[in-house]
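Below you'll find the structure, written out as C-alpha cells, and then a few comments.
The values are calculated or read from the model by the stated rules, or taken from the named source; none is laboratory data. Quantities reported herein were computed from a predicted structural model and do not represent experimental measurements. Glycine gets a Cβ as well: all are built from the backbone with ideal geometry, and neighbour counts include every protein chain shown. Side chains included, ligands, DNA and RNA excluded: accessible areas come from the protein's heavy atoms. Shrake-Rupley method; radii C 1.70, N 1.55, O 1.52, S 1.80 Å.
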Amino acid sequence: MKRLLFLILIANVTLFAMTKKTNKDTVDDWEYNSTIEMKDSMRTMPTMGNMGAKGGVVAMSAPTPKSFRSVKKVGMAVGGAKDTNNFKANIDKGYLPKLDSITYEGQFYNHYFDTGLNGDTCKDLFCPSYSSAKRLNSFSNEDEFFLSVGLNSGIEEGNFKRKKLNLVVVLDISGSMGSSFDAYHYDKMGNKVANEDKSKKKKMQIATESIVAMLSHLKDDDRLGIALFDHGSYKAKPLNLVANSDKEAIREHILALTERGGTNWSAGYKEGLGLFEGVNTSDKLYENRIIFLTDAMPNTGELSKNKLFGLAKNASERNIHTTFIGVGVDFNNDLVEYVSKTKGANYFSVHSSKAFSKLLDEEFEYMVTPLVYDLELKLSSSNYSIEAVYGSPDAKIATGQIMKVNTLFPSKNDGTATKGGVVLLKLKKLGEGSRDDIKLDVSYTDVNGKAFANAQKISFKSQGSYYYDNSGIQKAIIVSDYVTIMKNWLMDTRAGCNDDVKWVMQDTPAIMKRCMIYPPKHPLYPVMATWEKKSCKLKVSAGYKKLFQMFKKSYVAEMNTLGDDSLKKELTILNTLIGQTTSEITPVKKPVDDWQFKN
C-alpha cells in the first residue's frame, strides 16, 4: 500500500510539473485595458481526391445512379441568414419583429429537406438535383409551377475537415449592449412596451459567454485575434496561434468585459481587419474569417449601409469572410441582411448562450467553411421563365433565366434529408409549346477558384395534373408560403408603427390579392429615416387575423399530408398571432409646419 501511495505521489508531482511547463510556454497576450482605453478615448477546403485538371472549367458529373447510399454525405445550404430566431423571440416577448428577421433561407435552415437525389450518388464537391411540382394556389385560384434545386455534396461526413482558421472576433462593447437581452435599447428614449418577462441578463453577458463557447472549438494550429469597439476601436488580442495563448487567462479577460460608450461599426470592423496585417490571407491552408458580434444598433455615424457593406465586400475580395452574430431582440436584421449578401458571409441570431453553445457543438466546423462560390443556374426554355427565387439572399438579382447564389456552406445531413438543402424557384408559364423540356446549366467555383459546370434537362408532368415530385419540394413550397405571408404582415404592420401608412387599412380580400405574391408587392414601401428603430407592440389587424386563419387550414392540411412534426414550429407562431387581440392600426401622422410669418 505504501509503495502504491508513493507511486501516485510521484505521478501527481510529475503531472503538476508538466502543467507548470505548459503554462510557461503559453502567453497571456491580452492587450485591452478598459481604464486606459477610456482615458485615451476621451482624448484549404476539404479534400475530394482528383477534382480534374488544373485551370479552365471542370465538368461536374450528374448524380450517379445507385440502389442505396451506404456512406453518409455532407449536405449544403446557402449563406446569409442561418435561422429566424430573432423573429420568434420578438413575437414571444410581445414585440413586432423587423422585416428581415424572417427570410426564406433562414426559415429553410430550420428544416430538413429531401433534395431529390432519389437514391443516386453524388461524387463531386457539389451536385445539383432537381424536383418539380404543379399546384393550384387556393388563394389566387391559379396554376403554379415550381422547381427545387437540391444542394448535395460528395464529401463524406467522416472525411470532412475544415481548414485551419485565422479567426478574428470583433465584439460590440457599446452602451446598448448593457441593455437587457429581452428589451429594446431605444425604448429608453420614450417608447415603452410592457414586457412581463423580468429577465435581467445583459446582451453583453450573452455575447461574452458565446465567445467563450466558440473558443473551445479552436485547435492549436488555428490563430485567434480579438478586437473591441464602442464609439472607438481597440485591439484586445493580436492574431496569434491558439497553442501559444493562455486560454484560461483569455477566457477570464473576455468574461470581465463591460459595456460603455456609443457605437461605431466601421471603426470596429477596420480594427478587426487590421489584425490580419502581416498574415498571408492567400494561404490555401487557412480560412480567414471575422466573427462580428453586435446588437446592431449603430448610433454614431455609420448609418449608411453602403459603408459597412463596402468594408465587408472589400474584405471578401482579400479572402477575409464575415459571420455576423446578432444579440438581443432589438438586433437590426434589416441592415445585417444587406451586408450578409457578401460572398462567404452568413449570420446567426443568439437568443441564449446555452442554445448558441449547442449550435456551436453541432455546426461550428460548417459555419466557418464556405465550399462553393458564385453558383449560377441558367434556365433555357421556350415555355418557362424564373418568376421568383425562394431561399437565397441573392434572390432579388435573379432574372427571367438566371438564378445566382453567392455562397454554399456545408450542412448537416441525417442520411435521408439535408438541413436547409434546397433553393426553390417559381416558374412563369409563357406558352403551350409542343415540348415542355427545361434545360438547366449550372456553373460554380470552389474556394480555390477552380470552375465547374453541369447540364441537365427536366420536364413537368402531363398537363392538367397537380403533383409534387417528393416531400422536399412540397415542404419548401408551404414554408415559402408561410414566409411570404409573414413578410407582408410585417410590411403593413410596421408601417403603422414607425412610418407613414397608406395600405394597412385594406380589407381581407385586398390583402389576400397581394399576400401570396413574391417578392411582396405593395403600392408603397416603408422607408425608415434611421436604422435606430424603436420597438413596436405586437399587433394583428382584423384583416390579417382572417388571412392567418385561412392560411392555417391549408398549412395544417399540408403538414398532415407530409407527416412532418417539424412544421409545428410555424404553426405555433400562427396560433399565437391568431390569438392576439384584434388591433387596427392608426396611421402615423406627420408633423405639420404651420409657421405663417414671412419676412
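Details
To keep it simple, each residue is scored yes or no on (1) aromatic (Phe, Trp, Tyr); (2) part of a strand (DSSP E or B); (3) modelled with pLDDT under 90; (4) under 30 Å from residue 72 (Cβ atoms).
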position	(1), (2), (3), (4)
182	no, no, yes, no
186	yes, no, yes, no
191	no, no, yes, no
194	no, no, yes, no
198	no, no, yes, no
226	no, yes, no, no
251	no, no, no, no
254	no, no, no, no
258	no, no, no, no
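- Tally, over region 146-160, of residues that are touching a Pro at 6+ places or on another chain (Cβ under 6 Å) and under 30 Å from residue 478 (Cβ atoms): 2
- Candidate set: region 234-244, residues that are touching a Phe, Trp or Tyr at 6+ places or on another chain (Cβ under 9 Å) and open to solvent by less than 40 Å² (accessible area, probe 1.4 Å); chosen: the one farthest from residue 279 (Cα to Cα): 234
- Residue that is nearest to the chain's Cα centre (by Cα) [pool: residues in region 90-125 that are at pLDDT 90 or above and open to solvent by 20 Å² or more (accessible area, probe 1.4 Å)]: 110
- Test for residue 449: is it on the phi > 0 side of the Ramachandran plot and at pLDDT 90 or above: yes
- Top-ranked residue in region 128-161 [being closer than 30 Å to residue 383 by Cβ and of a type in the set (Ser, Thr, Tyr); ranked as most open to solvent (accessible area, probe 1.4 Å)]: 138
- Residue satisfying all of: in region 267-321; of a type in the set (Gly, Ala, Ser) and open to solvent by 20 Å² or more (accessible area, probe 1.4 Å); modelled with the lowest pLDDT among these: 301
- Evaluating residue 75 against the criteria (1) modelled with pLDDT of 90 or more; (2) touching a helix residue (DSSP H, G or I) at 6+ places or on another chain (Cβ under 6 Å); (3) under 23 Å from residue 360 (Cα atoms); (4) open to solvent by less than 10 Å² (accessible area, probe 1.4 Å) leaves one unmet condition, (2).
- Restricted to region 528-580, and to residues there that are open to solvent by less than 20 Å² (accessible area, probe 1.4 Å) and either small (Gly, Ala, Ser) or in a loop (DSSP other than H, G, I, E, B) (or both), the residue that is modelled with the lowest pLDDT is 533.
- Qualifying position, being out of contact with any Lys or Arg (no Cβ under 8 Å at 6 or more places or on another chain) and either among the charged types (D, E, K, R) or closer than 25 Å to residue 447 by Cβ (or both), among 293, 275, 239: 293
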